[in-house]
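The values are calculated or read from the model by the stated rules, or taken from the named source; none is laboratory data. Quick caveat: nothing in here was measured; it's all calculated off a predicted structure. Every residue, glycine as well, gets a Cβ built from its backbone with ideal geometry; the counts of neighbours run over all protein chains shown. With ligands, DNA and RNA removed, areas are computed over all heavy atoms of the protein, side chains included. Shrake-Rupley method; radii C 1.70, N 1.55, O 1.52, S 1.80 Å.
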Amino acid sequence: RPFPVDIRAGERVWQRITLELQPTRAVSVALGAGDGPIELTIVPRPVGPLPQLGFDFPSDGPPLTDGQCQRLRTLTPAHLRCELRLGSTFLPQLQRAVATARALATRLDLALFVGPSVETELSALLSAVRALEAPIARWSVFPAGGWCTTRPLAIAARAVLRQHDANTPLGGGTVANFCELNRQRPPVETLDFVTWSLQPQEHAFDHASLVETLAAHAATVESARQFCDGLPLVVGPITLKKRVNPYATGAWPPAPLPGELPRSVDVRQLSLFGAAWTLGSIKYLAESGVDAATYYELVGWKGLMERDAGPARPAKSPVPDGGVFPLYHVFADLAERPGAEVLAVLSSDPLRVEALAIRQTGQTRLLLANFTDQPQQTRLCSPVSGARWRVLDASNVLSALAEPEPFRNRAVVLPLTAGRAEMVLPPFAIACWDLRT
């Protein structure tokens with residue numbers, strides 16, 4: 001039931017769950033995990049194209065510098081998501097977003113928060129969009145005073161926004177989590193796509209618990225398909241910590257105590273573990289066949305790279321001004337294979353090591369992530385005729401953050417054992433294997 005719910009004294013609430021076991025369905029992981037090498041098996045038939053990957057436009061901060069734009073363009077973002085509250089002064093935020101989208105050679109995914117004067121607010125938005133010649137990829141609509149798109153809002157928004165371009169997709173869902181989407185299911189007959197956000201820290205916050213949430217990415221997609229009538233699914237923003245809190249009974253987020261980071265910031269954004277979790281997240285969403293996903297902000301504590309100047313960084317930050325975070329390299333590895341198709345990968349122990357495989361023009365790139373603080377012996381069971389690899393780990397991460405371009409130009413031949421590729425994956429390492437099959 002939507003929060004909050006009144007329950008009278010003496011009232012009983014009944015819930016029922018039915019589990020149906022279907023052993024003929026394909027499993028998502030290979031069984032038989034143990035103390036031996038972690039085995040990875042690539043399923044040769046593609047599951048679909050790599051989702052469109054974009055990023056979130058920060059609500060504050062200075063314009064991007066030329067150096068930041070150059071490094072972000074390397075990631076070829078499919079879109080730039082920007083939230084606009086139409087009941088307030090939204091034009092400066094839209095102007096900044098349009099300028100940034102042009103600098104990054106991408107389009108805008110506008111998330112619109114609309115008040116009771118739907119037609120008036122959206123008409124004002126359209127006037128600004130036309131004046132700025134804003135490049136629009138899609139827009140989604142949400143009530144300014146709620147969490148989920150309603151049918152009246154979707155119908156009214158469609159009538160206005162279709163005046164701009166009838167081919168621009170209009171979507172809705174929730175800016176909160178999948179639980180809210182499931183509780184207040186979207187009016188799919190009025191939408192072109194359905195959207196919700198993801199974050200792994202609702203109830204637990206340790207490394208192992210965050211890794212366990214990755215399989216739930218696929219579960220939310222599978223569940224959404226049960227009531228989204230075949231519509232495309234657009235997931236995001238995807239963040240390490242909670243952006244919004246539909247269950248807060250007071251101001252959110254609460255002001256941080258002196259010396260503490262804001263509640264929405266996780267220092268693991270700057271870590272190898274953060275990069276490993278990001279790779280796992282993309283793997284499960286990609287193999288589930290979502291159409292698009294939005295990750296993190298462009299720069300800053302919740303972003304892909306450090307600001308050139310601005311608010312103080314977390315204490316003892318290893319990232320220099322303008323340097324990139326480890327997770328930047330995950331998106332760069334994928335951007336180097338535009339138009340790639342996704343191949344499913346089965347891991348014999350997905351809580352220790354996971355992998356994402358993409359194929360382009362007959363060449364396969366395998367990205368591996370070690371979620372643990374221990375070295376992991378990893379073996380690819382699929383036969384290959386050759387492999388080159390690059391590893392990001394504790395031994396080279398500082399140079400890879402300060403000077404990402406030289407790091408990305410390094411790759412060495414991976415020795416094969418009886419036609420099999422294997423290696424010891426260092427703690428929290430990210431590996432990129434380019435395979436000849």
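Numbers below:
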| read-out | value |
| --- | --- |
| Accessible area per residue, Å², the chain with all protein chains present, probe 1.4 Å | 47 |
| Value of relative contact order over region 220-279, rounded to a whole percent, pairs C-alpha under 8 Å and six or more apart | 25 |
| FRET efficiency, 1/(1 + (r/R0)^6) with R0 35 Å, evaluated for Ile17 and Glu403 via beta carbons | 0.10 |
| Proximal charge balance of Gly61 [Cβ under 11 Å; K/R count +1, D/E count -1] | 0 |
| Computed over the chain: relative contact order in percent, which uses C-alpha pairs under 8 Å that are six or more apart | 18 |
| Label point distance in nm, Arg410-His164, each placed 7 Å from Cα along Cα→Cβ | 4.5 |
| Area accessible to solvent at Thr89, 1.4 Å probe radius, in Å² | 120 |
| Solvent exposure ordering (accessible area, 1.4 Å, most first) of Met423, Met305 | Met423, Met305 |
| Percent accessible area from carbon and sulfur atoms, region 117-235, protein chains only, probe 1.4 Å | 52 |
| Accessible area of Asp373 in the full protein assembly, 1.4 Å probe (Å², nearest 10) | 100 |
| Two-decimal log10 I(q)/I(0) for region 133-274, as the Debye equation yields it once each C-alpha is a single scatterer, q = 0.12, 0.16 Å⁻¹ | -0.58, -0.94 |
| Gaussian network model of the chain, springs between alpha carbon atoms under 10 Å - residue of Pro237, Pro427, Pro256 with greatest fluctuation | Pro256 |
| Semi-axis lengths (Å, descending) of the ellipsoid that matches the C-alpha gyration tensor of region 51-183 | 25, 17, 14 |
| Charge dipole magnitude, Cβ of K and R +1, D and E -1 - region 352-425, Cα centre, debye nearest 20 | 320 |
| Tail beyond 13 Å, pair distance distribution of region 156-214 (Cα, percent) | 68 |
| Over region 45-144, relative contact order from alpha-carbon pairs under 8 Å, at least 6 apart, % | 28 |
| Considering only the chain, percent of DSSP beta bridges that pair antiparallel, nearest 5 | 55 |
| Cα convex hull volume per residue for region 256-307 (Å³) | 87 |
| Sparse-neighbour loop sites [GluC sites (Glu not before Pro); region 162-230; at most 15 other C-beta within 10 Å; DSSP] | Glu202 |
| DSSP-defined beta bridges in region 52-195 - what % are antiparallel, rounded to 5 | 5 |
| Protein-only accessible surface order, largest first, of Ser223, Ser395, Ser348 at 1.4 Å | Ser395, Ser223, Ser348 |
| Solvent-accessible surface (1.4 angstrom probe) belonging to Tyr284, in square angstrom, nearest 10 | 20 |
| Diffusion coefficient, µm² s⁻¹, Stokes-Einstein with Kirkwood Rh over alpha-carbon pairs of region 213-253 at 10 °C and 1.306 mPa s | 127 |
| Where only C-alpha atoms are counted, convex hull volume of region 71-127 per residue in Å³ | 73 |
| Acute angle (nearest 10 degrees) that the helix 118-132 long axis makes with the longest principal axis of the chain, alpha-carbon atoms | 60 |
| Evaluated at q = 0.11 Å⁻¹: base-10 log I(q)/I(0), Debye formula over Cα of region 305-437 | -0.43 |
| Backbone N under 13 Å from the Asn182 label point (7 Å along Cα→Cβ), restricted to region 205-245 | 216-227 |
| Trypsin sites (Lys or Arg not before Pro) restricted to DSSP loop in region 390-426 with at most 16 other C-beta within 10 Å | Arg410 |
| Accessible area in the full protein assembly, largest first, 1.4 Å probe, for Leu91, Leu53 | Leu91, Leu53 |
| Distance in nm between pseudo-label sites at Arg73 and Gln360 (7 Å out along the Cβ direction from Cα) | 1.8 |
| Two-site FRET efficiency, Ser123 against Ala248, from Cβ-Cβ distance with R₀ of 41 Å, rounded to 0.05 | 0.80 |
